[in-house]
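Following: one structure in structure tokens, then a few remarks.
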Amino acid sequence: MKITILSLFPEMFTHVFGTSMILHAKDIGAVTIDIINFREFSTSKHKKVDDASFGGGPGMLLSIEPIYRALNSIEGHETATKILMTPQGMPYHQDKAKELAMKDHIIIICGHYEGFDERIRSLVNLEISIGDYVLTGGEIGAMAIVDSVSRLLPGVLSSEDSFIQESFYNGMLEYPQFTRPQDFMGMKVPEVLVSGNHQEVDKWRNEASMKRTKERRPDLLKKTVKKD
Ligand code: ADE
């Protein structure tokens, strides 16, 4: 899979994309990531990428031209899935990560500062928000997408790390897990987990997963029911 990111701050990605699972995904060739600084596509003398809002108002807006030119410079941009990061986008969740992991090429546009010219919306297929709060730019959201998508690509996770049992995989939160010591200051591991009875362990985990989801995220259960 190919991921291209348009950002004014490419250096923000260096550590995140050079570490842990994303690095591994790149190393095994599951994903290639290109980062384009769209300031390079500004035709103004001082490489300006923003301007004042027509009608007045505080702050500057990203202009459409540098982004339009940067997009057009990307091979295969016509058929790629083009995503704009914005708090006004559709809320991001695991199902969307799975959907994006099936694509050949995604392009993520990161805005920054006050906002962007509304016409930039016409250049993309999808607008994504990573939550109901305002970030300074789309970069942190783009990192969240790249991380969550990369780990779903074939061969990236080992069977031990498998996402099959992870939270959200089947629309529920994961069951509680424990490791040694069996007794930490009186806090004991549930007896069934050390019983060696795999059927009982599975049953306990299913029930614990359901209980935890009901308590913490009842909205997830409603979604699961609706889908079926
Ligand atoms: N840019 C600024 N805030 C954002 C958010 N919550 N999600 C995605 N992109 C953003």
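The values are calculated or read from the model by the stated rules, or taken from the named source; none is laboratory data. Here the structure is a predicted model, which means the values were calculated and not measured. All Cβ positions, glycine included, derive from the backbone under ideal geometry; neighbour counts span all protein chains shown.
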Notebook entry, point to check: Residue check: is LEU220 part of a loop (DSSP other than H, G, I, E, B) and out of contact with any Pro (no Cβ under 7 Å at 6 or more places or on another chain)?
Noted result: no
Next item on the list: Check GLY59 against each of (1) within 16 Å of the ligand (Cβ to nearest atom); (2) within 23 Å of ILE22 (Cβ to Cβ); (3) modelled with pLDDT under 95 and name the one condition it does not meet.
Entry: (2)
Next item on the list: Just need a number here: residues in segment 100-119 that are surrounded by 14 or more Cβ atoms within 10 Å (Cβ to Cβ) and either part of a strand (DSSP E or B) or modelled with pLDDT of 95 or more (or both).
Entry: 13
Notebook entry, point to check: In this structure, does PHE41 turn out to be of a type in the set (A, V, I, L, M, F, W, C) and more than 20 Å from ILE3 (Cβ to Cβ)?
Noted result: no
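Condition first: over 20 Å from SER73 (Cα atoms), more than 12 Å from the chain's Cα centre (by Cα) and assigned to a strand (DSSP E or B). Now tell me which residues in segment 120-140 satisfy that.
Within segment 120-140, GLU127, GLY137 meet the criteria.
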Notebook entry, point to check: Can you find a residue in segment 116-125 that is among the polar types (S, T, N, Q), more than 25 Å from VAL156 (Cα to Cα), touching a strand residue (DSSP E or B) at 6+ places or on another chain (Cβ under 6 Å) and more than 10 Å from the ligand (Cβ to nearest atom)?
Noted result: yes
Margin query: Of all residues being part of a helix (DSSP H, G or I) and touching a residue at least 60 places away in the same chain (Cβ under 8 Å) in segment 141-159, which is nearest to the chain's Cα centre (by Cα)? Just the residue, please.
Written below: ILE145
Next item on the list: Please specify each residue of segment 120-142 satisfying the condition of being buried (at least 18 other Cβ atoms within 10 Å of the Cβ) and within 15 Å of THR81 (Cβ to Cβ).
Entry: VAL124, ILE128, ALA142
